[in-house]
Amino acid sequence: VAKDANNKESKETDTSKATAKKPAEEKTPVSPTVEAKDNGDVVVTPPTDDTVKTIDVTYVPTGKTEPVTVTATKGEDGTWTVPAESGLKVEDGKIVVPADKVADNTDVKAVAKDANNKESKETDTSKA
């Protein structure tokens, strides 16, 4: 209630309730798929989820015993790129770990991440 200069009260206003909106729940990115091909290549298929910005591909390089992780990045135009020195390729929108770059009978896995670095579930591994 407000009062004017003569101390006269105004009419009481209708009451109103404040409703706080819950923040939208952040969804976990969809996981990529990993598939070993008959020729020895391992193909990582990115999810079509628009929020996915990077995919970490972890594999054991030929002649090594410890796994390495290479990060593929999705550009503004939706195309995927991998670091040139990684030995990985991008073909038809998929990330390829060539047969000569991955040790035989080792696990290859991939994790998608969104712009906030929120991770998808790790993929089922595929044997190279």
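The values are calculated or read from the model by the stated rules, or taken from the named source; none is laboratory data. Quick caveat, the model's predicted, so the values are computed rather than measured. Here the Cβ is made from the backbone with ideal geometry for all residues, glycine too, and neighbour counts use every protein chain on show. The accessibility values were calculated without ligands, DNA or RNA, using every heavy atom of the protein model including side chains. Shrake-Rupley method; radii C 1.70, N 1.55, O 1.52, S 1.80 Å.
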Inspect the stretch 80-92 for any residue being of a type in the set (Asp, Glu) and either in contact with a His (Cβ under 8 Å, 6 or more places away or on another chain) or under 12 Å from Thr54 (Cβ atoms) (or both) and give the result as yes or no.
no
Looking at (1) at pLDDT below 85; (2) within 15 Å of Lys109 (Cα to Cα), which is the only condition Ala36 fails?
(1)
Residues of the stretch 52-89 being more than 17 Å from the chain's Cα centre (by Cα) and open to solvent by less than 70 Å² (accessible area, probe 1.4 Å), in sequence order, are Tyr59, Val60, Pro61, Val68, Pro83, Ser86, Gly87, Leu88
Of all residues making up the stretch 35-53, the number that are under 15 Å from Ala72 (Cα atoms), outside any loop (DSSP other than H, G, I, E, B) and not hydroxyl-bearing (Ser, Thr, Tyr)
5
Count, please, the residues in the stretch 108-122 that happen to be open to solvent by 20 Å² or more (accessible area, probe 1.4 Å), in a loop (DSSP other than H, G, I, E, B) and touching a residue at least 12 places away in the same chain (Cβ under 8 Å).
5
